[in-house]
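As structure tokens, the structure follows; a few thoughts come after it.
The values are calculated or read from the model by the stated rules, or taken from the named source; none is laboratory data. Bear in mind the structure is a predicted one, so any value in this text is a computation, not a measurement. We place every Cβ from the backbone using ideal geometry, glycine too, and count neighbours over all the protein chains shown. Ligands, DNA and RNA are stripped out before the accessible areas are found, and what is left, the full protein with its side chains, is counted by its heavy atoms. Shrake-Rupley method; radii C 1.70, N 1.55, O 1.52, S 1.80 Å.
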Amino acid sequence: MKTETQNLNNANMARRAFLRYAGASTAVAGIVAMQACSKDNSAYEDDGSNSSGAIDVGSGDPGILNYAYALEQLEAAFYIQVVNSFSADFSAEERLLLTDIRDHEVAHREFFKAALGSGAIKGLTPDFSKIDFSSRASVLNTAKAFEDLGVAAYDGVASKIQNVDYLVIAGKIVSVEARHAAVISNLRSTGSFVDSDQVDADGLNITLGPTKVVATANTFLKTKISAKSFNF
């Protein structure tokens, strides 16, 4: 029994170390390099929205960074609510893991906000009415959907990034998101760090373009977004 308990504790510690290695600070070192980002005003009206009423992320590298910022806003808002309303069926270890993920997502959100400066899109209002935060299954299923979407989104748009420094930073952040996805998948089903719906026949991560990602993200947003300059 002692050995089993030790193994369980070691596994729990390893999972948290796994996340800490992913660290909330992985992208912060690049913030100075991104300070020069500016809004592509041609993609915005005076209130930052396009004719459909959605907030458009813009074009070029600034548009991609705002696209990432929008997704990080959504994830941060979700995990903040999760941590603020844990249901009784979450274990103490699970609460620690999800709190770590919340801290990472908040750090990512604030990183993009600071880096984009005046070029950042406005804060988005989430719509989590479809999520039952009193249910462990509902929370973890949604967390999986968000993390898998984030990884697929970063991977899907990476080839469009022109600035090498931005590409490096995006690579660091997507590696954190992939660690999140692995941990969440394992919490849902022990040993399933990568589900079959997230890799292709060659074992590579499935990628998604902004068109599909935005459509999914908007189902969880009151403030809708668009990425009309990235029509793929």
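Couple of notes before you dig in:
- Among residues of segment 120-138 being in a loop (DSSP other than H, G, I, E, B) and open to solvent by less than 40 Å² (accessible area, probe 1.4 Å), the one that is farthest from ALA54 (Cα to Cα) is SER135.
- So GLY117, is it more than 14 Å from the chain's Cα centre (by Cα) and closer than 15 Å to GLU72 by Cα: no
- Here GLN162 passes the criteria (1) of a type outside the set (Asp, Glu); (2) within 15 Å of the chain's Cα centre (by Cα); (3) open to solvent by 20 Å² or more (accessible area, probe 1.4 Å) except the one numbered (2).
- Of GLY171, GLY156, GLY117, all but one fail to be out of contact with any Asp or Glu (no Cβ under 8 Å at 6 or more places or on another chain), assigned to a helix (DSSP H, G or I) and open to solvent by less than 20 Å² (accessible area, probe 1.4 Å); the exception is GLY156.
- Residue count for segment 174-191, restricted to those that are open to solvent by 10 Å² or more (accessible area, probe 1.4 Å), hydrophobic (A, V, I, L, M, F, W, C) and touching a Lys or Arg at 6+ places or on another chain (Cβ under 8 Å): 1
- ASP165 touching a residue at least 24 places away in the same chain (Cβ under 8 Å) and under 27 Å from GLN81 (Cα atoms): no
- Pairs are defined by a Cβ separation below 6 Å, a sequence spacing of at least 6 or placement on different chains, a first member in segment 106-131 that is hydroxyl-bearing (Ser, Thr, Tyr), and a second member that is open to solvent by 60 Å² or more (accessible area, probe 1.4 Å); the pairs so defined are THR125/LYS222.
- Checking each residue in segment 80-113 for being touching a Lys or Arg at 6+ places or on another chain (Cβ under 8 Å) and buried (at least 23 other Cβ atoms within 10 Å of the Cβ) picks out only VAL82.
- Among the conditions (1) open to solvent by 60 Å² or more (accessible area, probe 1.4 Å); (2) farther than 16 Å from TYR69 by Cα; (3) touching a residue at least 40 places away in the same chain (Cβ under 8 Å), the only one that LYS212 does not satisfy is (3).
- Residue check for SER192: more than 17 Å from the chain's Cα centre (by Cα) and in a loop (DSSP other than H, G, I, E, B): yes
- Condition check for ASP56: of a type in the set (D, E, K, R) and either on the phi > 0 side of the Ramachandran plot or modelled with pLDDT under 95 (or both): no
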